[in-house]
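A short worksheet on the structure shown next.
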Amino acid sequence: MEGPLAANPKPESFGVPDFGKIYVSGALTGIVLAENSPFPGDREGLADVSNAQVFVQKVDGEFQFFVDGGIYAFPELGAAYVSSPTETKNIYGPLPLAYVKFVPNGAFSLEAGKLPGIIGIEYPFTYENMNIFRGLLWNQEIPVTRGVQANYAYGSFSGSVSLNDGFYSNRYNWISGMVAWSFNSSNSLSLIGSGNTGKTGYGSAATPVPQNNDSQLDNLAYSYTSGAWIAQAYVQYADTKSGASIGIGKPASTWGAGLLANYAIPNTSFNLAGRLEAISSSGSVSDGSPNLLYGPGSRASSATLTAAYLAGVLFCRAEVSLVRATSTTNGYAFGPNGDDRTQTRFVVEAGILF
């Protein structure tokens, strides 16, 4: 969790003889949304349970585990809102994260199961992030993947490497890795890379065929934390392979950059967070390039402002966002006909992290 929200520091727990202490916590949150230029099937206003999840975990000893069960929504800028029951059913099921972890010492660990993706600096669930809606760059990334991951830390350096199924394809031909350098208590730099070692024609609601065949999906990310401030900046590059057998006529790529910051207003219970993004895609409709954004060769930018009020384990947040797209293809952008180029959203989320 990047803040300003934080997990309950005193969750419920119980001991299991000869095994250790088990912690039980969770998130129950609701969302109200108003927008213009809704996508086909979307609405100008709606309300939903954005999270109703329970977390069960063991966090010490050689054997550890984490299980997340319940329903959830993944609200994304520039994409249609999908209700939590539908999202849960079609994406990762009622156990979106579930993994075991072997920790023989303080430097090394090995984990396996349904894991959070390494790529990107925003996490899947609303309560984990500075803003309620995920950003445009997050739309290109891997939220959850199945596989094995090894982690190692030495001094100010840490790293991870994973063999996984990429965008939840159930084809284990992706390799992901990360190296991070914390050069002091406030600043860190991370280099993250992933790629498909083969081709995967399989697609589903969780597995977009073009993105799942990325030969490269890379981040360079910087993080700053000090006092009332949390700030992050990153650039992202993705390169998609061609392949007639999987319906991709020409390779395509995206470039993007994002800046996120949160400020805890001193002597109050309020936080103010913002995010700026820009992303562009290559190709054109005529050359057979896949659509990675709002039509081949399209570009987009976004601005988001989120105010949060915290009261112990309770919180309430209000957010306004604007997405603007250019060089779009008719039918792929905003609005019922896919030809609008801007979308504004107003969102309120409230809940409890118990």
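Once the gyration tensor of the Cα atoms in the range 173-249 is diagonalised, the equivalent ellipsoid follows with semi-axes of 34, 12, 9 Å, ordered largest first.
Extension gain, ALA205 to ILE175: 0.36 nm times the residue separation minus the Cα-Cα distance gives 8.6 nm. Dipole of the chain computed with +1 at Lys/Arg Cβ and -1 at Asp/Glu Cβ about the Cα centre; of TYR172, LEU115, VAL100, farthest Cα towards the positive end is TYR172.
Taking one quarter of the surface of the convex hull spanned by the alpha-carbon atoms of the range 138-219 gives a direction-averaged projected area of 5.6 nm².
Taking Cβ atoms as reference points and 15 Å as the exclusive limit, the residues near PRO38 contribute a net charge of -4, counting Lys and Arg as +1 and Asp and Glu as -1.
Using a simple charge model, +1 on the beta-carbon of Lys and Arg, -1 on the beta-carbon of Asp and Glu, nothing else, what dipole does the chain show about its Cα centre, in debye to the nearest 20?
240
Residue exposure proxy: SER269, SER245, ordered by other Cβ atoms within 10 angstrom of their Cβ from fewest to most, comes out as SER245, SER269. For the chain, adding -39500 (n - 2.57) for each run of n ≥ 4 DSSP H residues and dividing by the number of residues yields -500 deg cm²/dmol at 222 nm. In summary, the aspartates and glutamates within cross-link reach of LYS199, defined as a Cα separation below 15 angstrom excluding same-chain residues under 8 places away, comprise ASP165, ASP214, ASP239.
Going by how many other beta carbons lie within 10 Å of each one, how would you line up THR254, THR240, THR344, fewest first? The fewest-first ordering by Cβ neighbours comes to THR344, THR254, THR240. 3J(HN,Hα) along the range 202-217: 5, x, 7, 4, 8, 10, x, 4, x, 5, 6, 9, 4, 7, 9, 8 Hz, from the Karplus curve 6.51 cos²θ - 1.76 cosθ + 1.60 with θ = phi - 60°, whole Hz, x for Gly and Pro.
Separation of the range 151-170 and the range 286-354, taken as the distance between their Cα centroids, equals 29 angstrom. Taking the square roots of five times each eigenvalue of the Cα gyration tensor of the chain, the equivalent ellipsoid has semi-axes of 31, 26, 20 Å, listed largest first. A simple packing score, the average count of other Cβ atoms within 10 Å per residue, orders the peptides 127-135, 259-267 as 127-135, 259-267, with the highest score first.
Couplings 3J(HN,Hα) of the range 231-243, computed from phi: 9, 9, 9, 7, 10, 9, 10, 9, 10, 9, 6, 8, x Hz, in residue order, whole Hz [Karplus 6.51 cos²θ - 1.76 cosθ + 1.60, θ = phi - 60°; x for Gly and Pro]. Around the Cα centre of the range 212-299, unit charges on the Cβ atoms of Lys, Arg, Asp and Glu (plus for the first two, minus for the last two) sum to a dipole of about 100 debye. Rounded to the nearest whole Hz, the Karplus-based 3J(HN,Hα) values (6.51 cos²θ - 1.76 cosθ + 1.60, θ = phi - 60°) of the range 2-8 follow the sequence 7, x, x, 6, 9, 5, 4, with x at glycine and proline.
None of the figures in this text is laboratory data; all of them are computed from the coordinates on show. Nothing here was measured: the structure is a model prediction, and the numbers come from that model. Every residue, glycine among them, receives a Cβ derived from its backbone with ideal geometry; neighbour counts consider all protein chains shown.
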